[in-house]
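Below you'll find the structure, written out as structure tokens, and then a few comments.
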Amino acid sequence: MVEYTDLPPEAAELIQRQYDIDRADAGPKAPVSSFRYRGVQIESRWAVMAELDTMRRIIDAMPELMARRLETIWCDSNAGACYTVTVRPGLWLPDLRWAIADAVMEAGGGHNGIMVEADGGNGCDIDPDWGEVA
């Protein structure tokens, strides 16, 4: 069950204004927020063109047999360079983690975290990585 809270109109307007500012600052928008590319559904929360381009490059950077295992890639425009990758049912394998991480680094130069979802309790979280050495 979802709880709803009534906000005073002034608060609701301020929240909407901040959302609009954040969305506008995310960059130029594409005419659609999602589409299928090489069999993988890619989606940007705010239809940010650069995010959609990066996700296409992620798929292109992966070995073909690994890319075919992916069902979706979603980029959270609100968090920036934060991805959720869904693996097709029954197609998870441990090396997929590294194929995804390497492809994201090659395509985007880094990320703020990747959540990989897979059936059977598989999947993983990949910590943020911008290629910096500690």
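The values are calculated or read from the model by the stated rules, or taken from the named source; none is laboratory data. These numbers were taken from a predicted model, which means no experiment stands behind them. Using ideal geometry, Cβ is built from the backbone for each residue, glycine included, and neighbour counts are taken over all protein chains shown.
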Check your understanding: Across the stretch 48-82, what is the number of residues that are outside any helix (DSSP H, G or I) and buried (at least 19 other Cβ atoms within 10 Å of the Cβ)?
Key -> 9
Review point. Does ALA30 fit the bill of being hydrophobic (A, V, I, L, M, F, W, C), touching a strand residue (DSSP E or B) at 6+ places or on another chain (Cβ under 8 Å), surrounded by fewer than 19 Cβ atoms within 10 Å (Cβ to Cβ) and modelled with pLDDT under 95?
Key: yes
Study note, to complete from the structure: By residue number, the members of the stretch 95-128 that are farther than 18 Å from ALA61 by Cα and over 16 Å from the mean Cα position of the chain (by Cα) are ASP119, GLY120, GLY121, ASN122
Study note, to complete from the structure: So, first residue free of Cβ contacts under 8 Å to residues at least 40 places away in the same chain and surrounded by fewer than 18 Cβ atoms within 10 Å (Cβ to Cβ) in the stretch 105-124, second residue hydrophobic (A, V, I, L, M, F, W, C) and not in a loop (DSSP other than H, G, I, E, B), Cβ within less than 6 Å, six or more apart or across chains; the pairs are GLY123/VAL116; CYS124/VAL116
Practice item. Please specify each residue of the stretch 37-70 satisfying the condition of being on the phi > 0 side of the Ramachandran plot and among the small types (Gly, Ala, Ser). Key: GLY39, ALA47
